[in-house]
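Okay, so here's the structure we're looking at.
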Amino acid sequence: MILGLKERSALKRCLAMLEIDRGKFLLSVLFGSMGLGSAIALSAVSAWLIARASQMPPVLDLSVAATSVRMFGIGKALFRYLERLASHRVALAGMGNLRTNIYKSLAGSSSSRVATIRRGDLLARTGADVDTIGDTVVKAILPACIALLTSFVSVGIVWWLSPPIAIALIICLLLSGVVGPTVAALGARRAEADRVNDEAEISSLSLAVLEGSAELRVSGRLEAMENALEETEARIRSHRDRSAKPLAWAAVIDTLALGLSVLAAIVIGVGQMEAGIINGIELAVCVLVPLAAFEGTAALGPAALELVQSGQAAMRISDLLGEEEADPKRSDKALSPVIEAKDLVVGWPGGPDVAGPLNLRIEKGSKIAVVGPSGIGKSTLLSTLAGLIPPHAGSATVGGTEAATLDRESVSEVMILIAEDAHIFHTTVLENLRVVRRDLTEDDARTALHRAGLGDWLERLPDGLNTLLGGNATTVSGGERRRLLIARAHASHAPIIALDEPGEHLEPETADRLLGDLFQSDLGIVVVTHRLTGLENVDTILYLGDNGVEIGTYGDLMEHSPKFRWAVQETQ
């Protein structure tokens with residue numbers, strides 16, 4: 001009732017990906033229940049002690065109760081502290097598992113999953129949304145379990161003394177623990193959905209402003225972006241205010257339920273005392289126990305709100321992951337180092353055809369360049385050959401198996417793809433190379449760097465392979481960054497390397513030298529580039545144009561393709 005069918009399904013999926021240790025979670029429930037149980041016992045024993053002391057009994061008759069009051073008082077604080085430690089350890093470990101599982105799912109899925117999502121939104125889904133799912137354990141599931149257990153304890157104590165008062169307590173607990181949270185959740189559901197979306201918008205806008213402030217200032221759009229940020233923040237504050245109102249009503253219901261339970265205990269208890277069914281001490285216990293019992297149900301209003309927030313976050317994460325599907329298959333035997341395209345037509349899933357049909361064979365030693373104007377589908381073709389997105393028609397196989405059906409590890413044993421925006425991490429040179437092979441030795445790393453033309457650069461580094469690089473290679477030049485990515489490809493030992501715009505943002509001489517070094521390698525090289533210089537010795541050139549794909553050597557295309565010849569002349 002609180003969550004819709006899609007929200008429940010998404011939340012169930014995300015909670016499973018938390019991989020919560022049930023034993024540790026039950027331990028946190030035990031500690032929490034003992035903490036609140038100590039509070040209930042403290043109220044019960046205190047009520048008995050006060051009422052019994054009024055009868056002026058011998059001091060020894062009160063000594064056990066007095067000691068118990070101190071014990072339960074200490075236990076209340078101690079067990080709540082232990083519950084916080086245990087529950088947060090479980091939740092934090094779960095958040096780590098969820099992020100890991102999300103990354104694993106995305107790493108083995110089609111690139112179309114994240115291609116249309118802004119980086120800031122993606123950051124929000126793998127950051128704040130994951131935190132919200134983790135908070136569900138501590139702020140929603142755990143309080144509900146504790147409230148349920150302690151409510152049984154409270155009702156059991158009162159039932160033992162007076163069943164009619166216990167029935168009244170049950171009704172009031174249901175009012176506080178079910179009706180109140182439902183009012184809070186249903187009233188805040190729309191506001192929370194809007195708030196989650198606007199907080200994702202904040203992440204996207206903030207990242208855009210931080211990364212592109214210089215360009216935005218030059219284009220005169222910085223002020224508009226800042227205004228958009230302020231407007232989004234104002235909407236978030238408004239959503240929080242809207243959510244607070246139903247939560248306040250839930251608090252009112254909880255207070256009324258508590259008052260009614262005490263009033264019912266007094267009214268029913270006085271009648272039973274006059275009838276001789278219970279005595280004054282038992283009446284005092286029945287009246288004061290609910291004061292502690294409602295501590296558990298008071299937390300269920302915020303817990304219901306947290307559940308609504310988690311449902312929205314789970315929907316966004318589920319949208320990112322897509323439908324649950326069978327894992328890509330792992331090849332049982334080594335794949336032959338051959339990539340073939342037969343009548344291949346490429347395009348993003350759900351989008352139009354952008355290139356094809358074409359036939360192509362790539363193996364070790366092949367030198368292939370994919371050229372054409374920007375936006376014509378060069379990178380899409382490369383992603384299809386690597387199995388990142390499925391073909392629209394025809395086939396793209398690795399070792400005779402459809403690339404899109406293989407897992408990433410199997411494909412990377414044959415071909416490694418270096419994307420145009422491949423990331424250099426804020427860690428050492430060695431660890432940046434180990435991205436493709438975790439068991440890479442220092443000798444293998446040096447060999448890969450020398451093959452990429454970075455031998456002299458490595459010798460100049462202050463700490464060699466252990467030199468720390470800035471985030472995304474801010475401490476190296478553009479050419480060094482590109483060669484470092486090529487070294488990463490060499491470190492993989494894949495017989496075929498595919499590179500997307502390796503000369504982008506480099507000076508023409510540097511770009512030509514980089515391409516020349518690549519084509520002198522004994523590996524299979526597939527290069528996507530908009531540059532048409534330095535391609536004279538390439539085995540095969542694929543020229544993608546508006547009228548289809550033209551395939552041939554540099555000389556063939558210069559002779560038979562007017563568009564290619566014109567494009568080459570324009571670059572000279």
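The values are calculated or read from the model by the stated rules, or taken from the named source; none is laboratory data. None of the values given here were measured: they were computed from a predicted structure. A quick note on method: Cβ atoms are made from the backbone with ideal geometry, for glycine too, and the neighbour counts reach across all protein chains shown.
May I ask you to list the residues in segment 225-247 that are among the polar types (S, T, N, Q) and either surrounded by fewer than 17 Cβ atoms within 10 Å (Cβ to Cβ) or more than 26 Å from the chain's Cα centre (by Cα) (or both)?
Of segment 225-247, the ones among the polar types (S, T, N, Q) are 227, 232, 238, 243.
Of everything in segment 225-247, those that are among the polar types (S, T, N, Q) and either surrounded by fewer than 17 Cβ atoms within 10 Å (Cβ to Cβ) or more than 26 Å from the chain's Cα centre (by Cα) (or both) turn out to be Asn227, Ser238.
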query = Taking Ile424, is it in contact with a strand residue (DSSP E or B) (Cβ under 8 Å, 6 or more places away or on another chain) and under 30 Å from Ser379 (Cα atoms)?
reply = no
inquiry  = On the basis of being at negative phi, modelled with pLDDT under 75 and buried (at least 18 other Cβ atoms within 10 Å of the Cβ), does Arg125 make the cut?
reply    = no
key: In segment 202-249, the residues that are in contact (Cβ under 8 Å) with a residue 60 or more places away in the chain, of a type in the set (Gly, Ala, Ser) and closer than 30 Å to Val183 by Cβ   = Ser243
query = Inside segment 414-433, can you point out the residues that are crowded, with 19+ Cβ neighbours inside 10 Å and either in a loop (DSSP other than H, G, I, E, B) or of a type in the set (D, E, K, R) (or both)?
reply = Val414, Ile424
request  = Quick one: in segment 434-482, of everything that is buried (at least 17 other Cβ atoms within 10 Å of the Cβ), part of a helix (DSSP H, G or I) and under 30 Å from the mean Cα position of the chain (by Cα), which residue is modelled with the lowest pLDDT?
outcome  = Ala473
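If the requirement is being more than 21 Å from Pro302 (Cβ to Cβ), under 30 Å from the mean Cα position of the chain (by Cα) and surrounded by 14 or more Cβ atoms within 10 Å (Cβ to Cβ), which of these qualifies: Leu260, Leu169, Leu210, Leu222?
On inspection, the qualifying residue turns out to be Leu222.
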query = For Arg195, are the conditions met, namely being buried (at least 20 other Cβ atoms within 10 Å of the Cβ), assigned to a helix (DSSP H, G or I) and either modelled with pLDDT of 80 or more or in contact with a His (Cβ under 9 Å, 6 or more places away or on another chain) (or both)?
reply = yes
query = Taking segment 359-381, which residues are farther than 11 Å from Val338 by Cβ and of a type in the set (Lys, Arg)?
reply = Lys367, Lys378
remark   = Of the listed residues (Ala16, Ala41), the one being aliphatic (A, V, I, L, M), assigned by TED's automatic domain parsing to the domain that holds Leu307, touching a Phe, Trp or Tyr at 6+ places or on another chain (Cβ under 6 Å) and more than 20 Å from Ala188 (Cβ to Cβ) is Ala41
task = Within segment 279-294, count every residue that is surrounded by fewer than 20 Cβ atoms within 10 Å (Cβ to Cβ) and either touching a residue at least 40 places away in the same chain (Cβ under 8 Å) or not polar (S, T, N, Q) (or both).
result = 3
query = Restricting attention to segment 371-413, which residues are outside any loop (DSSP other than H, G, I, E, B) and either within 21 Å of Arg482 (Cβ to Cβ) or outside the structural domain of Ala355 (by TED's automatic domain parsing) (or both)?
reply = Val371, Lys378, Ser379, Leu381, Leu382, Ser383, Leu385, Ser412
